[in-house]
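The values are calculated or read from the model by the stated rules, or taken from the named source; none is laboratory data. From a predicted model like this one, the values you see are computed outputs, not experimental measurements. When we count neighbours, we look across all protein chains shown, and the Cβ atoms used for this are built from the backbone with ideal geometry, even at glycine. When the accessible area is computed, the model is the full protein with side chains, heavy atoms only, and any ligands, DNA or RNA have been set aside. Shrake-Rupley method; radii C 1.70, N 1.55, O 1.52, S 1.80 Å.
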Amino acid sequence: MSVFTPLQREELEAFLAPYQLGRLHDFEGIAAGSENSNFFISLEQGEYVLTLVERGPTQDLPFFIELLDVLHRAGLPVPYALRTEDNEALRTLADKPAMLQPRLPGRHVTSPNTHHCAEVGRLLARLHLATREHTLERRSDRGLDWMQEEGPSLAMSLSEDQLPLLRDGLAEIAELKPKILALPRANLHADLFRDNVLFEGSHLTGVIDFYNACSGPMLYDIAITVNDWCSHPNGEIDDERSRALLAAYSALRRFTPAEAELWKPMLRVACVRFWLSRLIAAQNFAGQRVLIKDPEEFRHLLSARQQFHSALPFAF
């Protein structure tokens with residue numbers, strides 16, 4: 001179970017009282033998270049999610065709250081921080097920053113089809129368009145600089161047959177960094193995996209877990225999303241799902257020639273990012289009752305992206 005900080009009922013009831021949402025019926029830890037402690041909270045007035053923030057600089061938390069407020073006002077199906085009777089959105093519980101949010105309906109899709117991917121593409125375009133003109137600035141703590149800083153030391157833990165793949169990936173990032181930073185920007189989810197999107201049937205009902213959100217190149221967000229939603233088990237891109245996602249996105253925001261030029265490298269950059277972060281998680285949480293996602297998945301994807309030849313469609 002991915003709950004780093006367990007809670008007692010009495011302390012939780014005291015924390016919830018200022019929201020004036022009625023009596024606590026029940027609560028349970030959410031096993032799916034990998035970075036924060038999350039709980040389903042059942043109160044008289046509805047169902048909610050409580051997050052205790054375990055990782056990252058606490059000074060960034062107002063950014064997340066403001067971003068979700070912006071997206072909520074734009075009509076996107078996102079969680080947002082509820083306020084207490086004193087208008088507090090960010091509070092403390094068990095000595096950790098804590099936020100209470102509405103629980104969104106729906107379930108995760110494990111085997112997406114083209115319709116699911118089109119829905120995700122539209123959602124991602126709406127997110128970018130909602131923030132492109134007035135981007136809230138936050139530098140990612142898992143960005144290009146971080147990859148270049150952490151990559152060489154993590155490479156030392158790899159086997160000899162894996163090492164060249166990571167070294168080549170890091171060299172490509174160093175070479176393309178100026179071009180990547182010059183791409184069109186907005187606020188990014190930066191972690192739009194299948195386990196962060198909710199569906200009821202074929203209808204997308206929610207996007208969750210914005211704790212990697214940042215400002216940056218929109219193409220990077222798209223690459224992260226395509227790598228997870230549109231890959232076969234062997235790591236290759238599923239062309240039908242990829243076209244569906246990119247076509248739905250492009251119907252709302254057209255890709256630029258610079259984005260088309262960097263599409264294939266950006267897919268590899270996104271693989272490097274999650275290969276490295278998963279290697280760190282595997283080292284830091286080995287032996288603990290915490291969900292650890294397999295780093296090998298992204299080594300496998302990065303290897304498959306070396307031979308990827310499809311171009312970014314719909315660019316002008």
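A compact table of results
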read-out	value
Leading residue by the ranking (nearest to Gly216 (Cα to Cα)) among those in segment 37-61 that are modelled with pLDDT of 95 or more and open to solvent by 50 Å² or more (accessible area, probe 1.4 Å)	Phe40
Every pair of residues 6+ apart whose Cβ atoms lie under 7 Å, when the first sits in segment 127-141 and is farther than 16 Å from Thr58 by Cα and open to solvent by 40 Å² or more (accessible area, probe 1.4 Å) while the second is basic (Lys, Arg) and assigned to a helix (DSSP H, G or I)	none
Residue match in segment 72-85 (condition: surrounded by fewer than 14 Cβ atoms within 10 Å (Cβ to Cβ) and either among the aliphatic types (A, V, I, L, M) or in a helix (DSSP H, G or I) (or both))	yes
Scope segment 24-34; condition in contact with an Asp or Glu (Cβ under 9 Å, 6 or more places away or on another chain), open to solvent by 50 Å² or more (accessible area, probe 1.4 Å) and modelled with pLDDT under 90; matching residues	Ala32
Neighbours by Cβ (under 6 Å, 6+ apart or cross-chain): first from segment 255-266, among the charged types (D, E, K, R); second part of a helix (DSSP H, G or I)	Glu259/Leu219
Close pairs from segment 192-216: first hydroxyl-bearing (Ser, Thr, Tyr), partner assigned to a strand (DSSP E or B) and at pLDDT below 95, Cβ under 9 Å, at least 6 apart	Tyr211/Thr51
Boolean, Thr92 is within 26 Å of Ser215 (Cβ to Cβ) and among the hydroxyl-bearing types (Ser, Thr, Tyr)	no
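Okay, residues lined up against (1) modelled with pLDDT of 95 or more; (2) under 17 Å from Arg194 (Cβ atoms); (3) out of contact with any Lys or Arg (no Cβ under 7 Å at 6 or more places or on another chain):
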| residue | (1), (2), (3) |
| --- | --- |
| Gly75 | yes, no, yes |
| Leu82 | yes, no, yes |
| Lys96 | no, no, yes |
| Leu100 | yes, no, yes |
| Val109 | yes, yes, no |
| Thr114 | yes, yes, no |
| Val120 | yes, yes, yes |
